[in-house]
Protein chains: 2
Amino acid sequence: MFVNSKMKQMSHPKSIAVDENVVSCCSPLIGGEMSEVEASDMAQIFGALSDPARLRMLSLIASQEEVCSCALEEPLARSQPTISHHTRILAEAGLITGEKRGRWMWWRVVPERLKDVARILGE
Amino acid sequence: MFVNSKMKQMSHPKSIAVDENVVSCCSPLIGGEMSEVEASDMAQIFGALSDPARLRMLSLIASQEEVCSCALEEPLARSQPTISHHTRILAEAGLITGEKRGRWMWWRVVPERLKDVARILGE
DNA sequence: CGTTCTCATTGACAAACGTCAATGTAAAGG
DNA sequence: CCTTTACATTGACGTTTGTCAATGAGAACG
């Protein structure tokens, strides 16, 4: 297992756009008249943040520039399919993005997205 | 139905502390080593925000100083028990507080709490 | 090639969740 | 008192969620 360590550089770093689920984030919470679709979009994002494993996953990824999927399995104590499941949910919420390089999937947070979400709450 | 309207002032405004669930909010998400309990506490809060009905409810309450439970049933199109259920969850997450005055339950947001949550995400 | 490795997908299952009808509770107002 | 009113609690239900074993899909490497 390794996290963001230098390694023999892989061939073509093929950039993969992971599930940009086009969530039209985010009008502030306070600011009247919240449509049902707005509510659902926001709920999806908060839903992604509503699981302990995913929060710690996000925290782990945020603590490094980039983290390999393989580096999450152990600290989170979840099976590989479960890790894959959670990364997908975070990615669909736009909170992380992934790029496949060689055999590994590298994840990083999307700071602007986090700020967007923060702005929902901070008036 | 009425929202925050002047009304014949009720007798003893009995202040009721609604379910202070002592959620030890909130160390920033980025900032390494997130314990399981921290994660669970945060997850509880985000979980409260992860339902469209609750988000619209919170938005409604935030749009006025104070909102009566009875004023939520109609705009949210949910039954009275369901409204009660949701207010409880928001209150347990510390996002709103309620006070029973006369026959009515009045809810208001806890802005500091919202800011706390925002601060988790905004580095 | 064929093997190995990493991640995704599928299917299954128990637990948690959102919802409402029915019922309980307690204050208000005659 | 007794009735009304507003909210809480309970019980039941279908749906969603978190989890893993099993399997699939592709890249890497010899």
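Descriptive notes on the structure:
- Criterion violated by B:GLN9 - all others in (1) modelled with pLDDT under 95; (2) open to solvent by 10 Å² or more (accessible area, probe 1.4 Å); (3) within 14 Å of chain A (Cβ to nearest Cβ); (4) at negative phi satisfied: (3)
- Going through (1) away from DNA strand D (no atom under 15 Å from the Cβ); (2) facing chain A (nearest Cβ under 10 Å) one by one, B:GLU112 falls short only on (2).
- Residue count, segment A:91-109 (criterion: assigned to a loop (DSSP other than H, G, I, E, B), within 13 Å of chain B (Cβ to nearest Cβ) and surrounded by fewer than 21 Cβ atoms within 10 Å (Cβ to Cβ)): 0
- Residues satisfying the stated conditions in segment A:75-90, i.e. open to solvent by 20 Å² or more (accessible area, probe 1.4 Å) and more than 11 Å from DNA strand C (Cβ to nearest atom): A:PRO75, A:ALA77, A:ARG78
- Residues that are touching a residue at least 60 places away in the same chain (Cβ under 8 Å) and closer than 15 Å to B:ARG113 by Cβ within segment B:82-95 comprise B:ALA91, B:GLU92, B:ALA93, B:GLY94, listed in sequence order.
- Among the residues of segment A:44-81, those identified as touching a residue at least 12 places away in the same chain (Cβ under 8 Å), not in a helix (DSSP H, G or I) and not aliphatic (A, V, I, L, M) are A:ASP51, A:GLN64, A:GLU65, A:GLU66, A:CYS68, A:ARG78.
- Any chance A:LEU49 is aliphatic (A, V, I, L, M), within 14 Å of A:VAL109 (Cβ to Cβ) and more than 10 Å from DNA strand D (Cβ to nearest atom): no
- Restricted to segment A:21-36, and to residues there that are buried (at least 17 other Cβ atoms within 10 Å of the Cβ) and facing chain B (nearest Cβ under 9 Å), the residue that is modelled with the lowest pLDDT is A:ILE30.
- Filter result for A:SER50 (of a type in the set (Ser, Thr, Tyr) and within 12 Å of another protein chain (Cβ to nearest Cβ)): yes
The values are calculated or read from the model by the stated rules, or taken from the named source; none is laboratory data. These figures come from a predicted structure and were not determined experimentally. Backbone-built Cβ (ideal geometry, glycine too); neighbour counts: all protein chains shown. Surface accessibility is based on the protein's heavy atoms, side chains included, excluding ligands, DNA and RNA. Shrake-Rupley method; radii C 1.70, N 1.55, O 1.52, S 1.80 Å.
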